[in-house]
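Since the structure comes first, as structure tokens, the remarks are kept for the end.
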Amino acid sequence: MNIPHNEFKQRLLHGEQQYGLWLGLAQTLSAEICADAGFDWLLIDAEHGPNDLRSILAQLQVIAAYGSHPVVRPPHGDHVLIKQLLETGVQTLMIPMVESAAQAAHLVQAMRYPPHGIRGVGSALARASRWGRIGDYMHTANDEMCLLVQVETRAGLENLDAIRAVEGVDGIFFGAADLAASFGLPGEADHPDIVRMIEDGLRRVSAQGTWGGVLCGDRALVQRYQAAGARFVAVGVDSMILSAATSQLCATYKPDTAKAATAASY
């Protein structure tokens, strides 16, 4: 048995466009419904979504039956938590709040076995190696790991070039909502200044051979980000899609209870 090939990583390295969807409901059935829709990748969110190791594992198991590639975002970049997630079979992680090259380098090490990293050895117990049935797992796993780092603060943006230059950083995701808050514009992820910052960041990293990503539900803005170099783009969030659809349906029959429309950018 061979280790699963990380097609998402290879497509990203070649600059191919990949569309994704955010999963924050922490439910296997909704994750499976979304997996059957045909998105290139699905982000299981444990930073803001109510996910833990077991709920992430359950969603990985249902997504595996479909063509979407699972990406997991842990609450922070702790190397012990990263080790646990990799043992579940996750090959692509998105780490929030990366602000320096040193932090990025530590994350690269956390996702790799020695001598190239610090990942603990114990895969024979884990789903990642199919419980030891992938005999050469330790020798091939490093090449299939994909690290996406989130630049979403003033400090991260200031250190963008150094972060991008760290070997093993495969993609840089620009978090518009936190970036806006960091610059004193909370709730204004689509503010013109923030949009320009993200476009500039996307151009800078793509010019050096690294592709960027964003989460945005505004199609015109998505196209602007793609023109600047975004190649892994999440175009919606499961909970927000459900919220908007149910509010719209209810308002059709009860106009007096209509809720405010959900923002298109995050």
Counted charge near ASP218, where neighbours are those whose Cβ lies closer than 14 Å (Asp, Glu -1; Lys, Arg +1): -1
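So how much slack lies between GLN84 and ARG133, counting 0.36 nm per residue of separation and subtracting their Cα-Cα distance, in nm?
Working: separation 49, 0.36 × 49 = 17.64 nm, distance 1.87 nm.
Difference between extended and current length: 15.8 nm.
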For region 36-86, fraction of C-alpha pairs farther apart than 15 Å, in %: 45
Helix 53-63 vs. the chain, principal-axis angle (Cα, 0 to 90°, nearest 10): 80
ALA165 versus ARG54: modelled label distance in nm, points set 7 Å from Cα along the beta carbon direction: 4.6
Distant-in-sequence amide H partners of ILE44 (H built 1.01 Å from N, under 5 Å): LEU23, VAL71, VAL72, ARG73
Between 0 and 90°, nearest 10: helix 238-253 axis offset from the chain longest Cα axis: 20
Residues whose placed amide H lies under 5 Å from that of CYS146, excluding near-sequence neighbours: THR92, LEU93
Per-residue ³J(HN,Hα) for region 2-10, Karplus 6.51 cos²θ - 1.76 cosθ + 1.60, θ = phi - 60°, Hz, x for Gly and Pro: 9, 5, x, 7, 7, 5, 4, 4, 5
Contour minus Cα-Cα distance for ALA251 and ARG219 (0.36 nm per residue): 9.1 nm
Between 0 and 90°, nearest 10: helix 101-110 axis offset from the chain longest Cα axis: 60
Loop-resident sites, region 139-186, for GluC sites (Glu not before Pro), counting at most 12 other Cβ within 10 Å (DSSP): GLU167
Coordinate range along principal axes, alpha carbons of the chain, Å, largest first: 61, 40, 29
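Where a number appears in this text, it was derived from the coordinates with a stated rule and is not lab data. Here the structure is a predicted model, which is why all the values come from computation and not from measurement. Positions of Cβ are generated from backbone atoms using ideal geometry, with glycine treated the same way; all protein chains shown enter the neighbour counts.
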